[in-house]
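Here the structure comes first, spelled out in structure tokens, and everything after it is commentary.
The values are calculated or read from the model by the stated rules, or taken from the named source; none is laboratory data. No experiment lies behind these values; they were computed from the predicted model shown. Virtual Cβ from ideal backbone geometry, glycine too; neighbours counted across all protein chains shown. The accessibility values were calculated without ligands, DNA or RNA, using every heavy atom of the protein model including side chains. Shrake-Rupley method; radii C 1.70, N 1.55, O 1.52, S 1.80 Å.
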Amino acid sequence: MSFLPLDIDPKVLQAMTDHAEAAFPNECCGFFYGSEDGSVRSVTTSREVTNSKEGDQRRRFSISDMDYLRAERHAAKEGLTLLGVYHSHPLHPAIPSEHDLAVALPYFSYIIVSVQPEGTDHVRSWQLNDSRQFDEEQIVALPDNLRVA
């Protein structure tokens, strides 16, 4: 299965990585929005949400049902498409965990920001395939310093 590449506005990508770094050593989370034209998914805005995970937030995040509802309403109000969820992996690679897989929804893209003590290490995006496994999505124009070495 082939997915459309993500074209993330540089300011939006910066907002996501800033959020991830500010939350360190805990995981952060949020939504991102934009449009899809058949050849690319354009990410034009993002919104932070509170990690509502009870207890240790260093290895897990949770988004409340109310935050999902607010995200859908925001998209409708602004004429945007809710394209997915971003979150961070402090001290770990930007590869989905079993927990990430368990809570993933079809259609959504999942941007993961790997964060180390010195800052963002790399960024990757994933989407569920028809077998309910994650396949990596291409991020166009990702700065070299945020690519996996």
*Would you mind getting me the FRET efficiency between Glu98 and Glu48? Use the beta-carbon distance for r and R0 = 25 Å, nearest 0.05.*
0.50
_Apply the Karplus curve 6.51 cos²θ - 1.76 cosθ + 1.60, θ = phi - 60°, to the phi angles in region 23-32 and return the couplings in whole Hz, x for Gly and Pro._
7, 3, x, 8, 7, 10, 7, x, 10, 9
*Pull up all non-local amide H partners of His122: gap of 5 or more, or a different chain, and H-to-H distance under 5 Å with H placed in the peptide plane.*
Ser114
*Simple spin-label estimate for Arg147 and Asp65 in nanometres, 7 Å along Cα-Cβ*: 4.4
*Under 5 Å between amide H atoms, partner at least 5 residues away or on a different chain: which partners does Glu137 have, H built in plane at 1.01 Å?*
Ser125, Trp126, Gln127
*Are there GluC sites (Glu not before Pro) in region 11-77 that DSSP puts in a loop and that have at most 14 other Cβ atoms within 10 Å, and which ones?*
Glu54
*Mind listing the long-range amide H neighbours of Leu83? Cut-off is under 5 Å, sequence gap 5 or more, other chains count too, H placed in the peptide plane at 1.01 Å from N.*
Phe32, Tyr33, Gly34
*With Kirkwood radius over Cα pairs in Å defined as stated, name the option among (i) 15.3; (ii) 18.0; (iii) 15.9 computed from the structure displayed.*
(i)
*asked:* Residue by residue through region 67-74, what is 3J(HN,Hα) from phi via Karplus (6.51 cos²θ - 1.76 cosθ + 1.60, θ = phi - 60°)? Round to whole Hz and write x for glycine and proline.
replied: 5, 4, 4, 4, 5, 5, 5, 4
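In terms of solvent-accessible area of protein heavy atoms at a 1.4 angstrom probe, what is the ranking of Val40, Val123, highest value first?
Numbers: Val40 30, Val123 5 Å².
Reading off the accessible areas and sorting them downward yields Val40, Val123.
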*Under the Karplus relation 6.51 cos²θ - 1.76 cosθ + 1.60, θ = phi - 60°, what is the ordered set of whole-Hz ³J(HN,Hα) values for region 78-87, x standing for Gly and Pro?*
8, x, 10, 9, 6, 8, x, 10, 10, 7
_Loop only by DSSP, 15 or fewer other Cβ within 10 Å of the Cβ. Give me the trypsin sites (Lys or Arg not before Pro) in region 68-148 that pass, ordered by residue number._
Arg132, Arg147
